[in-house]
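What follows is calculated from the coordinates using simple rules that are stated; it is not laboratory data. Quantities reported herein were computed from a predicted structural model and do not represent experimental measurements. Reconstructed Cβ throughout: ideal geometry from the backbone, glycine too, with neighbour counts over all protein chains shown.
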Amino acid sequence: MTYMITSQCIECHRCESLCPTGAITRNEHQYQINSERCNDCVGHYAVPQCWAACPTNGGCVPNLATLPHSLAEKPSSDYWDNWFYTYEHLVSRLNANQPSAYWQRWFDTYSQALTKQLQTPTSVGANV
Ligand code: SF4
Ligand code: SF4
């Protein structure tokens, strides 16, 4: 699923600069979201930034037309068609969720501190 900008948009310009994928642009009439570039902010933020930052009640909303067909449309009667579609969708979402530089640094620092702590002799042994 991606997000879309509606006629409720008041052109506050917030979402354009917040979008991590460059999916939001403005044509001569209004802001729009390129559904090919929007990835729901996966891998960048926990919540979609355009939706979270929009000061209106409905200027930026989920685009239901881009929901997986198993959710947006009448489910297929074929069980395995639905199963494979959902599986492929989830795998593509997981592949898009790359670790950020922030979390990579966090894990590096944490593992170094843990290694140092494990290599330090305990004070109990030193006093005996
Ligand atoms: S959900 Fe995220 S990636 Fe998609 S348009 Fe909004 S800010 Fe950009
Ligand atoms: S944050 Fe909302 S009101 Fe502001 S430009 Fe984006 S869609 Fe429009």
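What the table below lists for this structure:
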| item | result |
| --- | --- |
| Relative contact order computed over region 1-67 (Cα-Cα under 8 Å; 6+ residues apart), in percent | 50 percent |
| Debye, to nearest 20: dipole size of region 1-67, +1 on Lys, Arg Cβ, -1 on Asp, Glu Cβ | 80 debye |
| Region 1-67, Rg to Rh (Cα coordinates; Rh as Kirkwood inverse mean 1/r) | 0.91 |
| Table column - 3J(HN,Hα) (Hz), region 34-50, Karplus curve with 6.51, -1.76, 1.60, x for Gly and Pro | 7, 5, 6, 9, 5, 10, 6, 6, 4, x, 10, 9, 6, 10, x, 5, 5 |
